[in-house]
Amino acid sequence: MTIETILSNPQFTLVTSKNRIEQKINGLYACDLLSFVMGRAQKGDLLLTILTHPNVLAVAVLLELPCVVLTSGVNPKEEMIKKAEEEEIALIVTGLDTARAVRELYETLSL
Amino acid sequence: MTPPRKQFVISRNDFQNAGYISSYIKKELKKAGIDKDVIRRVVIAAYEAEINVVIHSYGGMCEYVMDEESIRISFKDHGPGIEDIERAMEAGYSTATKDAQEHGFGAGMGLLNIRNSADDFSIRSSEKGTQVAIRIRLRKQP
């Protein structure tokens, strides 16, 4: 299942350009503390978080996470969107809180 | 040809560039055909140590040296040092500021992530600064 599949669900909106949305998602990881993400998320995971610090993207790059979903209606600042574009990571926003977003994604992605 | 050694300067509170060193080393290890699980461990250890210098110190530097067998990465900062290293090694213990925590740092897992990723790990600290040394054995991608 790919990032593009997620966008078929109207609850999720892509804020970066459509570059590389054909990338595959292997699993989900949800957390708001970067050291846990660093130690536990696996390559190919989609990261769900409410953090909008550009360093979230540095972690995503290092772990090869192709997509970050900002939940709970949190909006990224220009700085974060710019960094996501540079690093070719798909940045998606949703009004759903993290638990509900996880449930939707499991269904949408048939994980 | 992989450069065997390189030095980096790390500035206090420079979150913008945090992650640069780990991503540089990652690229070099990839070029050298190192096993991806080994790369993951190096990246985790280097990133956490780099973030620690950014968040907790007045600034410092990092150097790595690589040979056929292993990579050694050392971090030195200019203080103020870690008051209680034993507690700092405990899972969940953090002295990060509220501001850093709101940005997702300060989980209290950094040193533990380093220790769990490294084959050898040492840390020394006084008010003049902290020194972290990491060694990870390298293995080529099969």
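Take the conditions more than 14 Å from chain A (Cβ to nearest Cβ), at pLDDT below 95 and within 17 Å of the chain's Cα centre (by Cα) and apply them to residue B:79. Does it pass? Working first, answer last.
Details: more than 14 Å from chain A (Cβ to nearest Cβ): yes; at pLDDT below 95: yes; within 17 Å of the chain's Cα centre (by Cα): yes.
Spelling it out, residue B:79 is indeed more than 14 Å from chain A (Cβ to nearest Cβ), at pLDDT below 95 and within 17 Å of the chain's Cα centre (by Cα).
For residue B:88, indicate whether it is without any contact (Cβ under 8 Å) to a residue 40 or more places away in the chain, buried (at least 16 other Cβ atoms within 10 Å of the Cβ) and either over 11 Å from the mean Cα position of the chain (by Cα) or within 14 Å of chain A (Cβ to nearest Cβ) (or both). Write out each step before concluding.
Working: without any contact (Cβ under 8 Å) to a residue 40 or more places away in the chain: yes; buried (at least 16 other Cβ atoms within 10 Å of the Cβ): yes; either over 11 Å from the mean Cα position of the chain (by Cα) or within 14 Å of chain A (Cβ to nearest Cβ) (or both): yes.
When the stated conditions are applied, residue B:88 passes them.
Filter segment B:102-130 down to the residues that are in contact with a Ser or Thr (Cβ under 9 Å, 6 or more places away or on another chain), outside any loop (DSSP other than H, G, I, E, B) and surrounded by fewer than 16 Cβ atoms within 10 Å (Cβ to Cβ) and list them by number. Even if it seems obvious, please write down each step before you answer.
First, pick out the residues of segment B:102-130 that are in contact with a Ser or Thr (Cβ under 9 Å, 6 or more places away or on another chain): B:103-110, B:112-113, B:119-120, B:123-124, B:129-130.
Still in the list and also outside any loop (DSSP other than H, G, I, E, B): B:110, B:112-113, B:120, B:123-124, B:129-130.
Result: B:120, B:124.
Need at least 3 residues that are within 13 Å of another protein chain (Cβ to nearest Cβ) and exposed (fewer than 15 other Cβ atoms within 10 Å of the Cβ) per element, so show me which strands (runs of 3 or more DSSP E) inside segment A:8-106 make the cut, counting only ones lying wholly within it.
none
The values are calculated or read from the model by the stated rules, or taken from the named source; none is laboratory data. Please read all numbers here as calculations on a predicted model, not as lab measurements. For neighbour counting, all protein chains shown are included, and Cβ atoms are generated from backbone atoms with ideal geometry for every residue, glycine included.
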